1. Just for segment 226-254: of the residues that are buried (at least 22 other Cβ atoms within 10 Å of the Cβ) and in contact with a Ser or Thr (Cβ under 6 Å, 6 or more places away or on another chain), which one is farthest from T443 (Cα to Cα)?
2. How many residues are buried (at least 20 other Cβ atoms within 10 Å of the Cβ) and more than 16 Å from E444 (Cα to Cα) if we restrict to segment 383-396?
3. Regarding V316, is this residue over 30 Å from L37 (Cα atoms), in the same structural domain as M170 (by the TED database) and modelled with pLDDT under 90?
4. Given the condition small (G, A, S), at pLDDT 85 or above and assigned to a loop (DSSP other than H, G, I, E, B), answer yes or no: does some residue in segment 45-56 qualify?
5. Six or more apart or on different chains, Cβ under 6 Å: which pairs go from a residue in segment 475-495 that's closer than 21 Å to T421 by Cα and open to solvent by less than 60 Å² (accessible area, probe 1.4 Å) to one that's of a type in the set (S, T, N, Q) and at pLDDT below 80? Could you list them?
6. Only one residue in S160, S183, S188 is small (G, A, S) and either farther than 29 Å from R134 by Cα or outside the structural domain of V212 (by the TED database) (or both). Which one?
7. Read through the list (1) in contact with a helix residue (DSSP H, G or I) (Cβ under 6 Å, 6 or more places away or on another chain); (2) assigned to a helix (DSSP H, G or I), then give the number of the only condition that H222 fails.
8. Which condition number does N117 fail, the rest of (1) touching a residue at least 12 places away in the same chain (Cβ under 8 Å); (2) polar (S, T, N, Q); (3) farther than 30 Å from L364 by Cα being met?
Amino acid sequence: MKFENLLTEVGGFGKYQISIIALLVIPRVTLPFHFLLNNFIAAIPSHHCDISSLDADGVLGNLSREERLTVSIPAQEDGTPASCHMFSHPQFHLLANSSSSSELPVVECQNGWEYDNSTIKSALATEFGLVCDRKGLNKATATIFFVGVMVGAAIFGWLSDRYGRKRMLMVAYLIAISFGVASAFSKSFIMFAIMRFFTGMGLTGISIISIVLCVEWADIAHRTIAGVIISFDWSISTMILPGIAYLVNDWRPLVITVTAPLILAVITWRWIPESARWLIANGRMEEAHFYLSKCASANNRQHNLRDIKPETLANVIIAEDRGDRKYSYLDLVRSSKMRKLAMFGVAFTYYGISLNISGFGLNLYLTQFIYGAIELPSKLVAYLCLDKLGRRYSQVGTLITTGVCIGITVLIPRDLWLPRTVISVLGKGFSEASFTCVFLYTTELYPTVLRQNGLGYSSFVGRVGVSLAPLVSLLDEVWLPLPQVLFCSVALSAGLLALLLSETHNVQLPETIEDVEKTRCIIIYYCYY
């Protein structure tokens, strides 16, 4: 008997599986909160040089605020004060003729900056002075976070296959809570960057372990719906995030607020089951039988498990030395077909679609809400495509359509903000559909004994590109459309490469490396938006 048959007997998608998804939604709501947090805590409000020291010296006398800015700070083309420069000394003659200010000597801000706090009370830029020549550090905070996500994917992938999904899930909870809260109390930029790195490590553990648990407890007929349902929490949380950020517009309380759901996750962890597939593959038959019995009871299938004893589970997944064998990333390259699975991994990034398409004529909060709202119908599109077209063609279609949408936004003039917004939102929706497809797809391709290793490896490679996405936007100083051109090229290339993938729709999950060697030659493609 294969595990898929056994799972069908005890209920492949009933109350038990729904309860697992419900419990895992609690920690997963924090994922988009933190992954998109930089849109708010790293936002740079309008600013100009602080001229209060001139007031202290009595140089500006009884001038009004507008007059003080006129004589102290050069005006930009739109008439607003320059952000990073001031006159070397007050130019009082500009009160009579301000048109000649462009030829006057300027210097960098001498005493910091004055910020517009009407929208955002406090952000990283205002706290640590991450503007002007330090603007790159503000973008780097997201990169540092995603480097932590990348490293955590590799670490938790290996640990979860060795020590179990459930145990490592608690470790991920504790790491994310500890360093998430600590980052809110950072006294310097360096401290904040370090705390965000480790927060990313913990959050990626939650991400990859939760999706594997959901898929491993679902039977063949319901793997698609299980994978899509668990991804809805991302879209809903993406819509909630701008509301939270609007109400809590100080970055320190905001970081604590978006981390808080993990406390409830720690409390409810005890009711999350270990993966029965993993337990059997690792020779722990008594524990596997215990969780299968709970599944059968919850799904009213107790009678189907009466003839199945713990000792008989040993024949469900057959692997050599399974009780003593400890799998690692080296097993991804030891055999011929597993080498193809690992070495042909292709990673592309789509996070830049969310972070670097600008000029829509909408405020930050509304844009983020619309980006979240479009993901809900995109999930339904992804489900229908995965179920009717299969994994491969769904992946190809969503990637190419994403690339086309990004390409169109490059061609539309920036002053036409409405059509740019519509096309960009469609591109965001298709990129999310692609993300939904690839997470389920990758989980189905790897065998149980290496599934977390494989997903961790793929996530690691994918996050290499994701960590660079926040910095790609800086290339607009070289050529304004360059970031969009790069993302468009990546999406189209990825869509063509996805044609090399093998199909996994309605195919039993491989349990061991031997299953992969005997049945399939797998080429892995991995993509993040």
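1. W251
2. Step one: list which residues in segment 383-396 are buried (at least 20 other Cβ atoms within 10 Å of the Cβ), which gives 383, 385-386, 391, 394-396.
Checking which are more than 16 Å from E444 (Cα to Cα) leaves us with 385, 396.
Going through segment 383-396 one residue at a time, the tally reaches 2.
3. Details: over 30 Å from L37 (Cα atoms): yes; in the same structural domain as M170 (by the TED database): yes; modelled with pLDDT under 90: yes.
Yes: the conditions hold for V316.
4. Yes: segment 45-56 contains one or more residues that are small (G, A, S), at pLDDT 85 or above and assigned to a loop (DSSP other than H, G, I, E, B).
5. Pairs found: P483/N356; P483/S473.
6. On inspection, the qualifying residue turns out to be S160.
7. It is condition (1) that H222 fails.
8. Exception for N117: condition (3).
The values are calculated or read from the model by the stated rules, or taken from the named source; none is laboratory data. From a predicted model like this one, the values you see are computed outputs, not experimental measurements. All Cβ positions, even for glycine, are placed from backbone atoms using ideal geometry, and neighbour counts span all protein chains on display. Surface areas here come from the heavy atoms of the whole protein model, side chains and all, with no ligands, DNA or RNA. Shrake-Rupley method; radii C 1.70, N 1.55, O 1.52, S 1.80 Å.
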